[in-house]
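Visitor: My questions will all concern the structure given below.
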């Protein structure tokens with residue numbers, strides 16, 4: 001993990017550098033005397049953590065951190081307690097008041113290290129969408145895939161039929177356009193005018209498919225493929 005140490009006092013920078021020798025997983029990328037030097041350093045280096053004083057000439061530490069659009073983790077190290085609340089409102093890791101005991105400094109460092117490791121190990125899970133939207137009656141209606149029994153094409157419209165026999169949803173959209181919103185492993189076109197939910201198919205006949213509440217026609221051109229598809233469900 002790479003860090004910046006920012007303070008207008010050279011002795012304070014030296015003390016930070018000495019303390020960080022006790023933390024092997026944090027390396028100093030640059031020493032900065034003011035906000036301008038810090039901004040230049042962040043343009044050149046990937047910075048994970050900032051140790052920052054508050055009172056500095058020109059832009060102070062609080063103003064610097066507020067100005068960052070992509071903010072690294074921050075630990076304020078300052079002689080002034082009165083800015084603690086404002087500092088924590090910036091979601092900083094810690095707020096240390098000088099003189100800082102070494103054990104207190106190390107505790108703040110380990111909080112930053114733990115958060116850094118947690119973020120690095122986090123793998124976002126893909127969001128599995130189980131619904132789609134259709135315009136109907138001047139509203140945008142959310143429809144769950146599992147509740148759909150079949151979809152019927154009616155020229156420029158589709159009619160969505162449900163397993164619970166609720167009122168079908170009629171929407172001005174082509175059957176082909178609706179198909180593009182449906183998971184191919186769950187929905188299959190069995191006729192030029194019908195798409196069925198394979199989870200709700202109970203029986204295949206020569207020219208018909210039996211669903212939960214009704215039957216729909218099955219075209220010869222789709223029969224062989226749907227037999228294979230149902231075998232996978």
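Visitor: Pop the C-beta distance of residue 55 and residue 102 into the FRET formula with R0 = 35 Å and round what comes out to the nearest 0.05.
Guide: With a Förster radius of 35 Å, E is 0.95.
Visitor: Would you please state which residues of the range 13-34 a label at residue 46 would reach in this model, taking the label point 7 Å out along Cα→Cβ and a backbone N cut-off of under 12 Å?
Guide: Residues passing the 12 Å test: none.
Visitor: Assuming 1.306 mPa s and 10 °C, estimate D for the range 2-121 with Stokes-Einstein, Rh taken as the Kirkwood radius over Cα pairs, in µm²/s.
Guide: 112 µm²/s
Visitor: Using Cα atoms only, what is the angle between the long axis of helix 102-121 and the major principal axis of the chain, expressed in degrees (0 to 90) to the nearest 10?
Guide: Computed tilt is about 20 degrees.
Visitor: Can I ask one more? Would you mind calculating the relative contact order of the range 131-232 from Cα pairs under 8 angstrom and at least 6 residues apart, reporting the percent as a whole number?
Guide: Contact order relative to length: 20 percent.
Visitor: Relative contact order for the chain using alpha-carbon pairs under 8 Å, separation at least 6, rounded to a whole percent?
Guide: 10 percent
Visitor: Share of antiparallel DSSP beta bridges in the chain, in percent to the nearest 5?
Guide: 60 percent
Visitor: Sticking with this structure for a sec: Restricting to DSSP H runs of at least four residues, report the calculated mean residue ellipticity at 222 nm for the chain, -39500 (n - 2.57) per run over all residues, nearest 500 deg cm²/dmol.
Guide: It lands at -9000 deg cm²/dmol.
Visitor: Taking the alpha-carbon centroid of each part, what is the distance from the range 168-200 to the range 38-81 in angstrom?
Guide: 55 Å
Visitor: When all C-alpha to C-alpha distances in the chain are sorted into bins of 5 Å, what percent of pairs does each bin hold, rounded to whole numbers?
Guide: For the chain, the binned pair fractions read 1, 6, 12, 13, 11, 6, 3, 2, 3, 5, 7, 8, 9, 7, 5, 2, 1, 0 percent.
Visitor: Could you work out how far apart the two model spin labels at residue 155 and residue 130 are, taking each label as a point 7 Å from the Cα in the direction of the beta carbon, and quote it in nm?
Guide: Between residue 155 and residue 130, the simple spin-label model gives 3.7 nm.
Visitor: Another one. For helix 10-20, what angle does its Cα long axis make with the longest principal axis of the chain, in degrees from 0 to 90 and rounded to 10?
Guide: 60 degrees
Visitor: Report the gain in length on full extension from residue 164 to residue 144: 0.36 nm times residue separation, minus Cα-Cα distance, nm rounded to one decimal.
Guide: Residue separation times 0.36 nm, minus the Cα-Cα distance, leaves 6.0 nm.
Visitor: Related question: Report the FRET efficiency, 1/(1 + (r/R0)^6), for residue 176 and residue 123, where r is their Cβ-Cβ distance and R0 is 25 Å, rounded to 0.05.
Guide: Between residue 176 and residue 123 the formula returns 0.10.
Bear in mind these aren't lab numbers, they're just calculated from the coordinates by the rules spelled out. Note that the structure is a prediction, hence the values are computed from the model and not measured. We place every Cβ from the backbone using ideal geometry, glycine too, and count neighbours over all the protein chains shown.
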